[in-house]
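To keep things clear, I will list the structure first and then write my remarks on it.
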Amino acid sequence: MIRRREIVMGFMAGALAAPLRAFAQGKDPILIGVTGPLTGQYAQYGAQWKKGFDLALDEINASGGINGRPLAYLFEDSQSDPRQTVTIARKYVADERIVVEVGDFSSAASMAASPIYQAAGLVQFGFSNSHPDFTKGGDYVWSNAVNQKDEMPLLADFVRDLGLKKVAILHLNNDWGRTAKDLLVEAIKQRGGEVVGSEAYLADEKDFRSAIVRARSANPDSIALISYYPDGAQLTRQIRQAGITQPIIAGGSIYSPKFLELGGADVNGVLTTVPFFPGDPRPQVQNFVKAFEAKFKEEPDAYNGRAYDTFILLAAVMKQFGIERKSIKEGLSKIKDVPSVVYGKVTFDTETRRVANPFVSRIEVKNGKWAAYEGGKVTR
């Protein structure tokens with residue numbers, strides 16, 4: 001507990017100090033409350049978020065902040081644990097300085113806290129929460145993540161276009177993973193394919209050999225993974241070590257530099273779909289990539305882009321509709337065509353409280369790097 005508090009307090013100091021220097025004394029910052037993993041098995045995601053947030057703040061505050069006031073954020077480390085998100089939610093709704101909450105990483109962790117945010121009238125903005133039930137938590141629950149109901153059919157399109165017909169699925173055994181698996185099974189069937197096997201695993205598992213043997217015995221022509229980057233990388237390594245050479249197609253949640261680092265040469269050829277890819281030639285994307293590389297000396301990934309987009313979006317809402325909690329909720333339903341490095345422009349479907357008409361890019365691991373999938377044979 002002491003270690004976590006030190007991490008959070010140190011991060012808060014860094015997040016608040018830089019933007020305040022650019023404004024006159026007496027200009028109190030407008031605060032976004034972030035909850036997500038800074039420690040634990042998903043800590044890399046929190047680190048990726050932070051870089052995207054910080055780049056967005058540089059731009060927002062350099063252009064005058066929110067109508068003359070600086071924008072800043074507090075980041076509480078939840079480890080993406082539902083018990084922690086509930087505790088943090090109670091803290092945030094009681095803190096009048098916080099005008100909107102962003103996070104958590106997993107849908108399960110976010111949904112555990114949704115009733116608290118909804119009851120208090122504080123927008124919960126889950127920018128990585130793809131579970132189709134997430135935004136059903138109430139009219140204060142919003143997301144700019146691709147809904148699993150949209151993502152899984154797009155992944156099934158990829159499977160079909162690769163000419164694959166017999167798929168074995170390995171999926172994380174939690175609500176998010178089971179829901180995604182069910183949606184993918186249905187989407188593959190609708191496209192003329194067949195799911196010949198489905199194996200679940202727990203988040204803390206390290207040895208997947210039994211599940212892999214059972215999947216192989218179903219004689220698939222491909223393997224689909226519904227995983228995060230740590231388990232996805234280990235699964236892929238063990239699949240290849242078992243001598244299975246069939247193509248591996250995974251949900252976009254594996255997309256991270258850490259997937260490459262943890263998987264090594266074994267992840268070459270893995271395919272996925274993502275809403276953001278730095279190789280996208282759109283000028284808006286390339287301008288973001290250049291700014292990110294200048295600040296952090298590395299290429300951005302999807303979670304950097306999502307985090308950046310989220311703060312740019314929320315700042316646009318605040319500038320146009322105000323900083324009161326209710327005003328932010330109402331502004332999300334009214335704002336139109338906000339520039340987005342992920343989607344081009346963002347307008348919300350007010351029924352689902354998600355981005356209208358999302359799209360994704362197809363990518364693969366090629367020679368140890370993420371690359372645009374250009375069709376044809378997968379490179380391993």
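Quick check: with the 1.4 Å probe, what order do S210, S253 take by accessible area, largest first?
S210, S253
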* Structure fact -> The base-10 log of I(q)/I(0) that the Debye equation returns for segment 25-150 at q = 0.14, 0.20 Å⁻¹, one scatterer per C-alpha, is -0.59, -1.13
* To do: Would you mind calculating the relative contact order of the chain from Cα pairs under 8 angstrom and at least 6 residues apart, reporting the percent as a whole number?
  => 15
* Spatial separation of Cα centroids for segment 125-158 and segment 32-93, in angstrom -> 20
* Asked: Assuming R0 = 51 Å, what is the FRET efficiency of Q320 and S217, from their Cβ-Cβ distance, to the nearest 0.05?
  -> 0.35
* To do: Give me the percent of the accessible area of the chain that comes from carbon and sulfur atoms, probe 1.4 Å, all protein chains in place.
  => 49
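Indicate, rounded to the nearest 5 percent, the antiparallel portion of the DSSP beta bridges found entirely in the chain.
Details: 14 of 47 bridges.
Antiparallel bridges: around 30 percent, rounded to the nearest 5.
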* Dimensions in Å of segment 85-195 - Rg and Dmax from alpha carbons -> 16.9, 55
* Hull-based mean projected area of segment 263-380, where the convex hull spans the alpha carbons, in square nanometres -> 9.0
* Structure fact -> Subtracting the Cα-Cα distance of E96 and S210 from 0.36 nm times their residue separation yields 35.9 nm
* What figure in square angstrom, to the nearest 10, would you give for the accessible area of W176 with a 1.4 Å probe? -> 20
* To the nearest µm²/s, what D does Stokes-Einstein give for segment 150-216 at 25 °C and 0.890 mPa s, using the Kirkwood radius over alpha carbon pairs as Rh? -> 198
* **Calculated FRET value between D58 and D161, using beta carbons and R₀ = 41 Å, to 0.05** => 0.55
* Structure fact -> Averaged per residue, the 1.4 Å probe accessible area of the chain, protein heavy atoms only, in Å², is roughly 41
* Structure fact -> Long-range alpha-carbon pairs in segment 157-292, meaning those over 26 Å apart, account in percent for 23
* Structure fact -> Plugging the Cβ-Cβ distance of K297 and V86 into 1/(1 + (r/R0)^6) at R0 = 41 Å yields, to the nearest 0.05, a FRET efficiency of 0.65
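Can you flag which of K149/K181; K258/K297; K258/K290; K181/K369; K136/K329 are past 18 Å Cα-Cα?
Beyond 18 Å between Cα atoms: K258/K290; K181/K369.
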* Asked: If ligands, DNA and RNA are left out, what is the accessible area of I312 with a 1.4 Å probe, given in Å² to the nearest 10?
  -> 40
* Structure fact -> Subtracting the Cα-Cα distance of R282 and K189 from 0.36 nm times their residue separation yields 30.1 nm
* Across the Cα atoms of the chain, what radius of gyration and what greatest pairwise Cα-Cα distance (Dmax) are found, in Å? -> 20.5, 68
* **segment 84-142: Cα Rg divided by the 2.2 N^0.38 Å rule of thumb** => 0.97
* Quick one: length gained pulling A265 to N367 fully straight, 0.36 nm per residue minus the C-alpha distance? -> 35.9 nm
* **Order of exposure, largest accessible area first, which applies to R90, R362, R353 with probe 1.4 Å** => R90, R362, R353
* Asked: Counting only the heavy atoms of the protein chains, how much of T352 is accessible to a 1.4 Å probe, in Å² to the nearest 10?
  -> 60
* Asked: Using the Cα gyration tensor of segment 28-95, with a ≥ b ≥ c the square roots of its eigenvalues, what is the shape: rounded (a/c below 1.5), prolate (a/b larger than b/c) or oblate (neither)?
  -> oblate
* Asked: Looking at segment 201-243, which trypsin sites (Lys or Arg not before Pro) are DSSP coil and have at most 14 other C-beta atoms within 10 Å of their C-beta?
  -> K206
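The values are calculated or read from the model by the stated rules, or taken from the named source; none is laboratory data. Owing to the predicted nature of the structure, the values given are computational and were not obtained by experimental measurement. Using ideal geometry, Cβ is built from the backbone for each residue, glycine included, and neighbour counts are taken over all protein chains shown. What goes into the accessible areas is simple: the full protein's heavy atoms, side chains included, and nothing from ligands, DNA or RNA. Shrake-Rupley method; radii C 1.70, N 1.55, O 1.52, S 1.80 Å.
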